[in-house]
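The values are calculated or read from the model by the stated rules, or taken from the named source; none is laboratory data. Just so it is clear, the structure is predicted and the values come from calculations on it, not from any experiment. Reconstructed Cβ throughout: ideal geometry from the backbone, glycine too, with neighbour counts over all protein chains shown. Heads up: the accessible areas ignore ligands, DNA and RNA and are worked out on the full protein's heavy atoms, side chains in. Shrake-Rupley method; radii C 1.70, N 1.55, O 1.52, S 1.80 Å.
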Amino acid sequence: MPKRILIADDGDAVRQIIRAFLEARTDFEVCGEATNGVEVIGKAKELRPDLILLDLAMPLMNGVETASVLNGLMPEVPIVLYTMYDDAVGKSLASAVGVTAVISKPDGIGKLVECVQSVLGAAGSVDAADRSSAP
(Lines give C-alpha, C1' and ligand atoms only; values in the text may rest on other atoms or scores of the structure.)
Protein backbone atom coordinates (compact mmCIF):
# COMPACT_ATOMS: atom_id res chain seq x y z
CA MET A 1 0.00 0.00 0.00
CA PRO A 2 1.44 3.41 -0.97
CA LYS A 3 2.51 5.85 1.73
CA ARG A 4 0.08 8.78 1.91
CA ILE A 5 1.48 12.31 1.78
CA LEU A 6 -0.26 15.62 2.47
CA ILE A 7 1.29 18.63 0.69
CA ALA A 8 0.91 22.21 1.97
CA ASP A 9 2.23 25.08 -0.12
CA ASP A 10 0.53 28.32 -1.16
CA GLY A 11 1.92 27.99 -4.71
CA ASP A 12 -0.29 25.99 -7.09
CA ALA A 13 2.60 25.23 -9.44
CA VAL A 14 4.82 24.09 -6.57
CA ARG A 15 2.14 21.69 -5.31
CA GLN A 16 1.60 20.31 -8.82
CA ILE A 17 5.33 19.70 -9.35
CA ILE A 18 5.75 18.04 -5.95
CA ARG A 19 2.68 15.87 -6.57
CA ALA A 20 3.98 14.79 -9.99
CA PHE A 21 7.42 13.84 -8.67
CA LEU A 22 6.08 11.99 -5.63
CA GLU A 23 3.36 10.13 -7.51
CA ALA A 24 5.87 9.06 -10.19
CA ARG A 25 7.01 6.64 -7.48
CA THR A 26 4.61 3.77 -6.95
CA ASP A 27 5.20 3.78 -3.20
CA PHE A 28 3.81 7.33 -2.69
CA GLU A 29 0.28 8.70 -2.97
CA VAL A 30 -0.60 12.37 -2.45
CA CYS A 31 -3.76 12.13 -0.36
CA GLY A 32 -4.43 15.86 -0.23
CA GLU A 33 -3.22 19.40 -0.74
CA ALA A 34 -3.56 22.60 1.27
CA THR A 35 -2.71 26.25 0.61
CA ASN A 36 -2.26 27.48 4.18
CA GLY A 37 -1.50 26.29 7.70
CA VAL A 38 -5.08 26.29 8.94
CA GLU A 39 -6.25 24.23 5.97
CA VAL A 40 -3.47 21.64 6.35
CA ILE A 41 -4.35 21.06 10.02
CA GLY A 42 -7.96 20.28 9.10
CA LYS A 43 -6.96 18.03 6.24
CA ALA A 44 -4.37 16.22 8.36
CA LYS A 45 -7.04 15.36 10.94
CA GLU A 46 -9.39 14.13 8.21
CA LEU A 47 -6.93 12.31 5.93
CA ARG A 48 -4.44 10.88 8.48
CA PRO A 49 -1.40 10.99 6.15
CA ASP A 50 1.82 9.04 6.68
CA LEU A 51 3.88 12.24 6.12
CA ILE A 52 3.13 15.96 5.93
CA LEU A 53 5.12 18.23 3.64
CA LEU A 54 4.98 21.91 4.63
CA ASP A 55 6.18 25.16 3.11
CA LEU A 56 7.55 27.68 5.63
CA ALA A 57 6.00 30.83 4.13
CA MET A 58 2.24 30.21 4.01
CA PRO A 59 -0.71 32.50 4.78
CA LEU A 60 -2.68 32.36 8.06
CA MET A 61 -0.12 30.14 9.82
CA ASN A 62 3.47 29.65 8.72
CA GLY A 63 5.11 26.22 8.51
CA VAL A 64 6.72 26.42 11.95
CA GLU A 65 3.45 27.34 13.67
CA THR A 66 1.61 24.67 11.71
CA ALA A 67 4.23 22.00 12.48
CA SER A 68 3.94 22.77 16.19
CA VAL A 69 0.16 22.26 16.13
CA LEU A 70 0.41 19.14 13.97
CA ASN A 71 3.08 17.64 16.23
CA GLY A 72 0.77 18.10 19.20
CA LEU A 73 -2.14 16.45 17.37
CA MET A 74 -0.27 13.61 15.68
CA PRO A 75 3.30 13.30 16.96
CA GLU A 76 3.83 10.01 15.13
CA VAL A 77 3.49 11.65 11.69
CA PRO A 78 6.77 12.92 10.23
CA ILE A 79 6.82 16.53 9.03
CA VAL A 80 9.16 17.75 6.29
CA LEU A 81 9.62 21.48 5.81
CA TYR A 82 10.38 22.32 2.15
CA THR A 83 11.30 25.98 1.94
CA MET A 84 13.19 28.75 0.21
CA TYR A 85 14.14 29.98 3.69
CA ASP A 86 15.90 26.94 5.15
CA ASP A 87 18.50 29.17 6.78
CA ALA A 88 15.69 30.86 8.76
CA VAL A 89 14.80 27.59 10.49
CA GLY A 90 17.55 26.38 12.77
CA LYS A 91 17.91 22.73 13.65
CA SER A 92 16.92 23.33 17.27
CA LEU A 93 13.75 25.25 16.28
CA ALA A 94 12.81 22.56 13.78
CA SER A 95 13.30 19.86 16.39
CA ALA A 96 11.37 21.81 19.02
CA VAL A 97 8.26 22.06 16.83
CA GLY A 98 8.43 18.45 15.62
CA VAL A 99 9.92 18.91 12.15
CA THR A 100 11.67 15.77 10.99
CA ALA A 101 13.70 17.40 8.21
CA VAL A 102 14.21 20.77 6.52
CA ILE A 103 14.92 20.71 2.79
CA SER A 104 15.85 23.77 0.75
CA LYS A 105 13.79 24.34 -2.41
CA PRO A 106 16.93 25.49 -4.29
CA ASP A 107 18.44 22.03 -3.61
CA GLY A 108 15.80 20.64 -5.98
CA ILE A 109 12.89 18.27 -6.04
CA GLY A 110 15.19 15.23 -6.23
CA LYS A 111 16.56 16.04 -2.79
CA LEU A 112 13.00 16.34 -1.47
CA VAL A 113 12.00 12.97 -2.91
CA GLU A 114 15.14 11.36 -1.42
CA CYS A 115 14.31 12.84 1.97
CA VAL A 116 10.67 11.68 1.85
CA GLN A 117 11.81 8.18 0.85
CA SER A 118 14.33 8.11 3.68
CA VAL A 119 11.89 9.40 6.30
CA LEU A 120 9.05 7.09 5.27
CA GLY A 121 11.37 4.11 4.92
CA ALA A 122 12.58 4.63 8.48
CA ALA A 123 9.39 6.08 9.99
CA GLY A 124 8.27 2.77 11.46
CA SER A 125 11.49 2.33 13.41
CA VAL A 126 12.13 5.93 14.49
CA ASP A 127 10.41 7.24 17.57
CA ALA A 128 9.32 10.86 18.01
CA ALA A 129 12.36 11.76 20.10
CA ASP A 130 14.77 10.62 17.40
CA ARG A 131 12.98 12.01 14.35
CA SER A 132 14.87 15.29 14.37
CA SER A 133 18.03 13.43 13.37
CA ALA A 134 16.47 11.96 10.22
CA PRO A 135 17.88 13.36 6.96
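Here Ala67 meets each of (1) out of contact with any helix residue (DSSP H, G or I) (no Cβ under 6 Å at 6 or more places or on another chain); (2) in a helix (DSSP H, G or I); (3) small (Gly, Ala, Ser); (4) at pLDDT below 90 with one exception, condition (4).
Against the list (1) open to solvent by less than 60 Å² (accessible area, probe 1.4 Å); (2) not in a helix (DSSP H, G or I), the condition Ile18 fails is (2). Out of the residues in the stretch 32-57 that are open to solvent by 20 Å² or more (accessible area, probe 1.4 Å), among the aliphatic types (A, V, I, L, M) and within 22 Å of Phe21 (Cα to Cα), which is modelled with the highest pLDDT? Filtering the stretch 32-57 for residues that are open to solvent by 20 Å² or more (accessible area, probe 1.4 Å), among the aliphatic types (A, V, I, L, M) and within 22 Å of Phe21 (Cα to Cα), the one modelled with the highest pLDDT comes out as Leu47.
Inclusion of Glu76 among residues that are of a type in the set (D, E, K, R), open to solvent by 50 Å² or more (accessible area, probe 1.4 Å), at pLDDT 90 or above and touching a strand residue (DSSP E or B) at 6+ places or on another chain (Cβ under 9 Å) is not warranted. Scanning the stretch 1-11 for residues that are open to solvent by 70 Å² or more (accessible area, probe 1.4 Å) and in contact (Cβ under 8 Å) with a residue 12 or more places away in the chain yields a total of 2. Inclusion of Leu60 among residues that are out of contact with any His (no Cβ under 8 Å at 6 or more places or on another chain), among the aliphatic types (A, V, I, L, M), modelled with pLDDT under 90 and at positive phi is warranted. Restricting attention to the stretch 21-55, the residues that are in a strand (DSSP E or B) and of a type outside the set (Val, Ile, Thr) add up to 9.
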